[in-house]
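Working notes for the structure below.
The values are calculated or read from the model by the stated rules, or taken from the named source; none is laboratory data. Predicted model, so just to flag it, every value in this text is computed and none were measured. Methodologically, a virtual Cβ is constructed for each residue, glycine included, from the backbone with ideal geometry; neighbour enumeration extends over all protein chains shown. Remember, those area values only see protein heavy atoms, side chains included, never the ligands or the DNA or RNA. Shrake-Rupley method; radii C 1.70, N 1.55, O 1.52, S 1.80 Å.
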Amino acid sequence: MPLLGVNIDHVATIRQARRTNEPDPIHAAVLAEIGGADSITVHLREDRRHIQDRDVRLVREICRVGINLEMAVSDEITRIALNVLPDQVTLVPERREEVTTEGGLDVKTHFARIRQCVDQLQGAGITVSLFIDPDLSQIERARELKVTAVEIHTGAYADAKTQRDIEIQYDKLREAGQFATAQGLRLNMGHGLTYRNVRRIAEIQGVYELNIGHSIISQAVLVGFERAVREMKQLVTL
Ligand code: PXP
């Protein structure tokens, strides 16, 4: 039965659209907890387009469930992580021009740089997860870094348009998941998951946690945050 991590970045996106103080992502974090979230995710981007430093500090202070900080492999954000001490950091690639995280980390190419960051975070007792594509060679390199977890990117599955492509992408996720757990890695998954496509992902053998943002926030705008989280929790809890 996978855990549900709720990403609250887009509550901050709405606030930043007016550079005001509402809606407050901290309120959303509390409602997500009440709705059954098992952890809260915030992505502190280098350009601070949504989540701000203050949000990370407060979410850490106020939430009773675990905090997952998504971040780029960056000295500045690493310093903040070492100060705030989230329960988990998920390292992601980051490009300023992207709308959302596109593609997983290239652990093979940036191995030494990622290792330096992983060692610092793990040295402070933070669980580290690497966001990677369903690519077995990337998973193998992740294992060499001795991280606790990988988060397998489900975006290609979510974006697939034809039934044939959906099945191809799903098989890749299943195979990557099986490989990761066989390597002793904790298996997280996320990106592009919705109320419609999440069930099959939740059924993948060994999946530990699903991280979901956009779809839950979209539903929350219409039905309220707590209910949106509760409905997603019911879907992932088979
Ligand atoms: N996992 C990671 C690593 C992400 O970067 C994101 C997007 O911030 C998500 C999960 C959530 O994706 P979505 O908002 O599409 O549910």
### Query
Which ones in region 1-48 are under 13 Å from Ala228 (Cα atoms), among the aliphatic types (A, V, I, L, M), within 14 Å of the ligand (Cβ to nearest atom) and out of contact with any Pro (no Cβ under 6 Å at 6 or more places or on another chain)?
Leu4, Val6, Ala28, Ala32, Ala37
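Glu46 - would you say it is over 15 Å from the mean Cα position of the chain (by Cα) and not in a helix (DSSP H, G or I)?
Working: over 15 Å from the mean Cα position of the chain (by Cα): yes; not in a helix (DSSP H, G or I): yes.
Yes: the conditions hold for Glu46.
Each row is one residue, and each column tells you yes or no for (1) touching a Cys at 6+ places or on another chain (Cβ under 6 Å); (2) among the aliphatic types (A, V, I, L, M); (3) in a loop (DSSP other than H, G, I, E, B); (4) more than 21 Å from Ser215 (Cβ to Cβ).
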{"site": "Glu22", "(1), (2), (3), (4)": "no, no, yes, yes"}
{"site": "His27", "(1), (2), (3), (4)": "no, no, no, no"}
{"site": "Ala32", "(1), (2), (3), (4)": "no, yes, no, no"}
{"site": "Val56", "(1), (2), (3), (4)": "no, yes, no, yes"}
### Summary
Picking from Glu151, Glu144, the residue that is acidic (Asp, Glu) and more than 22 Å from His43 (Cα to Cα) would be Glu144
### Candidates Arg60, Arg54, filtered to the one that is more than 17 Å from the chain's Cα centre (by Cα), open to solvent by 40 Å² or more (accessible area, probe 1.4 Å), modelled with pLDDT of 95 or more and more than 21 Å from Ala220 (Cα to Cα)
Arg54
### Task
Could you list all residues from region 208-235 that are among the small types (Gly, Ala, Ser), within 12 Å of the ligand (Cβ to nearest atom) and not in a helix (DSSP H, G or I)?
Gly213
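Can you find a residue in region 172-182 that is open to solvent by 60 Å² or more (accessible area, probe 1.4 Å) and aromatic (Phe, Trp, Tyr)? Full working, then the answer.
Restricting attention to region 172-182, the residues satisfying the condition of being open to solvent by 60 Å² or more (accessible area, probe 1.4 Å) are 172, 174-175, 178, 182.
From what's left, aromatic (Phe, Trp, Tyr): none.
No: zero hits.
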### Every pair of residues 6+ apart whose Cβ atoms lie under 9 Å, when the first sits in region 80-94 and is without any contact (Cβ under 8 Å) to a residue 24 or more places away in the chain while the second is surrounded by fewer than 23 Cβ atoms within 10 Å (Cβ to Cβ) and not in a loop (DSSP other than H, G, I, E, B)
Asn83/Arg57
